[in-house]
Each structure stands twice: as structure tokens, then as C-alpha cells.
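Q: One structure, as C-alpha cells, below. Some questions next.
Readers should treat all values here as calculations from the given coordinates under stated rules, not as data from a laboratory. What you are looking at is a predicted structure, and each value in this text was computed from that prediction instead of being measured. Please note: Cβ atoms are built from the backbone with ideal geometry, for glycine as well, and neighbour counts cover all protein chains shown.
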Amino acid sequence: MKNMAFKIVDTWVLALHNSGPPGPTWNDYVTSLKKDIVQRGVDPATVRTLVYTDGGGPNPAERKAYNTVLRGLGTAAIVTPSTFVRTIVTAFTLFTPRMKSFTPEALLDALLYLKATRPEQEMLWQELKHLHAEVPDAKLPGDYRRS
């Protein structure tokens, strides 16, 4: 079973992790970023990334490969229940200043931080649910909207 799944939609990058390391999917992820973002001539500063993780994430070498592609540009929201991951994200902001972490209860805040329009919010939520089929042990909240 995979620990990570991802999808790139225009300038949106979505990733879903369970609590394990991304494994070989990370290489596919970085390759797709190169092909779908860099080689298409997309300005990395316009890329918006939404990551939902139970606690799994890249190791230092994998983070370096990611940074080589997007060069610390773009905006990223990392949604996780893990205090440890949120601490790593805080340290990561030295290289990616427009990266911020959120708790799962603040998923809507993460989407607003990424300046997702209402239709984009719904599209991103649907895509996360599709990714969940690839990583079924990742824990998504019941919905992203507030009551």
C-alpha cells in the first residue's frame, strides 16, 4: 500500500500522506512537478500546494529535491494533526516563506490561506477524497466546511 498520493491540477499541487514515509512515490512527485510545472513554463511563484498528512513526510534529501524544483517559491499549506510536522514546517519556512501549517480542524483556513475560490475549494476537497482511495489509511476529516 502507498503512503502518499498526489495530483497536479493546473497550478494546484495536492498531496495526501498517511503517517509513513513517502517512499518511491516521492520521486514520481518531484518528476511530475518538473514536467507539469517547470517544463510547462509555469512560474513557480504561482504554484499553490495543499498537503494533508497524518504525520508522514519527506526526509531531508527528498525535501532538497522538492526545493530544487520549486526553488522555495509558491504558497503551501500543510494540514496535519502532528505537532512534530507543524514544527518542521515552521523550520522549513526559512526556505519557503509562504508555507504555513494548519490543524485538520482548520482545513478551511488552509484553503483560504491558499486563496482558493469556492469552486476551487470544492474541487480540491473532491480531489483529496479521490487521493484517499490510493492511501485509504490516511485520515481525512468528514468535510472541510465549517458548520
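Q: Where the second residue is charged (D, E, K, R) and the first is more than 13 Å from Met4 (Cα to Cα) and lies in region 51-76, which pairs have Cβ atoms under 6 Å and are six or more apart or on separate chains?
A: Sorted first by the residue in region 51-76, then by its partner, the pairs are Val69/Lys34; Thr75/Arg48; Thr75/Arg98.
Q: Being of a type in the set (Ser, Thr, Tyr) and exposed (fewer than 15 other Cβ atoms within 10 Å of the Cβ): is that true of Thr53 here?
A: Answer is no for this residue.
Q: Continuing with the same structure: Can you work out which of the residues in region 76-126 that are part of a helix (DSSP H, G or I) and of a type in the set (Gly, Ala, Ser) is farthest from Asp54 (Cα to Cα)? First the steps, then the outcome.
A: Taking region 76-126 and keeping what is part of a helix (DSSP H, G or I), we get 83-92, 104-113, 118-126.
Next, only the ones that are of a type in the set (Gly, Ala, Ser) stay: 91, 106, 110.
Numbers: Ala91: 18, Ala106: 14, Ala110: 16 Å.
Here the answer is Ala91.
Q: Given the options Pro104, Pro60, name the one that is surrounded by fewer than 19 Cβ atoms within 10 Å (Cβ to Cβ) and closer than 18 Å to Pro21 by Cβ.
A: Within the list Pro104, Pro60, the selection yields Pro60.
Q: Can you tell me which residues in region 19-41 are surrounded by fewer than 21 Cβ atoms within 10 Å (Cβ to Cβ) and outside any helix (DSSP H, G or I)?
A: Ser19, Gly20, Pro21, Gly23, Pro24, Gln39, Arg40, Gly41
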